[in-house]
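Have a look at the structure below before the remarks.
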Amino acid sequence: MLLGLAILATLVTTPAQAESVSRKAADLMAQNSNPTNSVAQNTNNTQPVNTLASVYSDSDTDSKLPASNYFYLGASVGRGFPSDIKLKGKVTDAARINNLRAANIPNEIENDLSLYPGSYWNIAGGYQWKNARAELEIGSGSFGNDELKPVSGKLDLGSQGVANNQTPPTPGTGKINLTTAFVNGYYDIATGSKFRPYLGAGIGLGFISDQDKGLEGFDYGTSFAYQGKVGVEYEVVKKGNAFVEFRYVGLTGYTSKKSGTEIEIGSVNSPAVSVGYRQGF
């Protein structure tokens, strides 16, 4: 009878133990699966990693762009191609006026003065922003007097008589000097590189003077001056730009009263091309 009870007890407790073992196994499996889920969650919540490309992309981009926000000094040299200057006026000496009236000659002086191409130079100082510049520019050019062309029916400064279709031009002598002072503004066209085209304009004063008595008998004069520019520049070193530009300079002219005549010196217009360099600091 005791043997039967022991067998019965064994049969009764074995399923319970089996169930306990099963539960423990399930718990172990669940615990083993949790680290995997945790890793997955951590992977999903991880912030983006700073790769080499993301760390250096901004600095690389900046190194390819020109510097900005600095003062600079610059200089340029070039060649100008001035147009003819219109000269119009009248005799103011009383004796000559009477002679003209007696000969029934109109008191009207008119000539066209042609000039040779000449060289010029400019120096400038200003400030560079990201896409704009402002500067003060001082320049000087020298142009040889080619010839004084007569106008038919008008008093000729060369021959001192009334010109006709047969009157030859009077060969010019000496030179004209043009000195200019401009306040300039520029707009630099961004290209995403150190190479930039630009547009510029300026206003100021022009001073016309005579060299080697090329216009003896004329007063020196001061006039309003203006200019427009278009060019390209390249930053060869930090804050250092080499440039090539085309410009058009205009002076409005002035009136000379000297040696018994009053002459209106017409506008002086000169297209020009130049090369130069600016260095920031």
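The values are calculated or read from the model by the stated rules, or taken from the named source; none is laboratory data. Quick caveat, the model's predicted, so the values are computed rather than measured. Neighbour counts are summed over all protein chains in view; Cβ atoms, including those assigned to glycine, are modelled from backbone coordinates with ideal geometry. To get the accessible areas, we keep the full protein, side chains included, count just its heavy atoms, and leave off ligands, DNA and RNA. Shrake-Rupley method; radii C 1.70, N 1.55, O 1.52, S 1.80 Å.
Report the gain in length on full extension from SER152 to LYS64: 0.36 nm times residue separation, minus Cα-Cα distance, nm rounded to one decimal.
Answer, rounded to one decimal: 25.5 nm.
What is the sum of charges, Lys and Arg at +1 and Asp and Glu at -1, for the other residues whose Cβ falls under 12 Å from the Cβ of TYR70?
Result for the local shell: +4.
Would you mind getting me the FRET efficiency between THR222 and VAL244? Use the beta-carbon distance for r and R0 = 51 Å, nearest 0.05.
0.95
What is the calculated FRET efficiency for SER140 to ALA190, with r their C-beta to C-beta distance and R₀ = 35 Å, to the nearest 0.05?
The pair SER140/ALA190 has a calculated efficiency of 0.60.
Go through region 129-188 and name the chymotrypsin sites (Phe, Trp or Tyr not before Pro) that are in a DSSP coil and have 13 or fewer other Cβ atoms within 10 Å of their Cβ.
TRP129
For region 153-170, just list the computed ³J(HN,Hα) in residue order, Karplus coefficients 6.51, -1.76 and 1.60, θ = phi - 60°, integers in Hz, with x standing in for Gly and Pro.
x, 10, 5, 9, 5, x, 8, 6, x, 7, 7, 9, 5, 9, 6, x, x, 9
Using a 1.4 Å probe on the protein chains only, how many percent of the accessible area of region 144-183 belongs to carbon and sulfur? Kindly include the intermediate steps, with their values, before the conclusion.
Values: 1010 of 1980 Å².
Here it works out to 51 percent.
Which FRET efficiency, nearest 0.05, do VAL77 and ALA102 yield, Cβ-Cβ r, R0 41 Å?
0.15
Starting from the amide H of GLU264, placed 1.01 Å from N in the peptide plane, find each other amide H under 5 Å away whose residue is 5 or more places distant or on another chain.
LYS88, GLY89, SER256
Return the subset of LYS154/LYS258; LYS90/LYS229; LYS130/LYS175; LYS229/LYS258; LYS130/LYS229; LYS86/LYS229 for which the Cα-Cα distance in this structure is over 30 Å, preserving the input order.
Numbers: LYS154/LYS258 19 Å; LYS90/LYS229 37 Å; LYS130/LYS175 41 Å; LYS229/LYS258 36 Å; LYS130/LYS229 19 Å; LYS86/LYS229 25 Å.
Too far apart for the 30 Å limit: LYS90/LYS229; LYS130/LYS175; LYS229/LYS258.
Express the accessible area of region 84-219 per residue in Å², computed with a 1.4 Å probe while the remaining protein chains stay in the model.
With the other protein chains kept in place, region 84-219 gives 50 Å² per residue.
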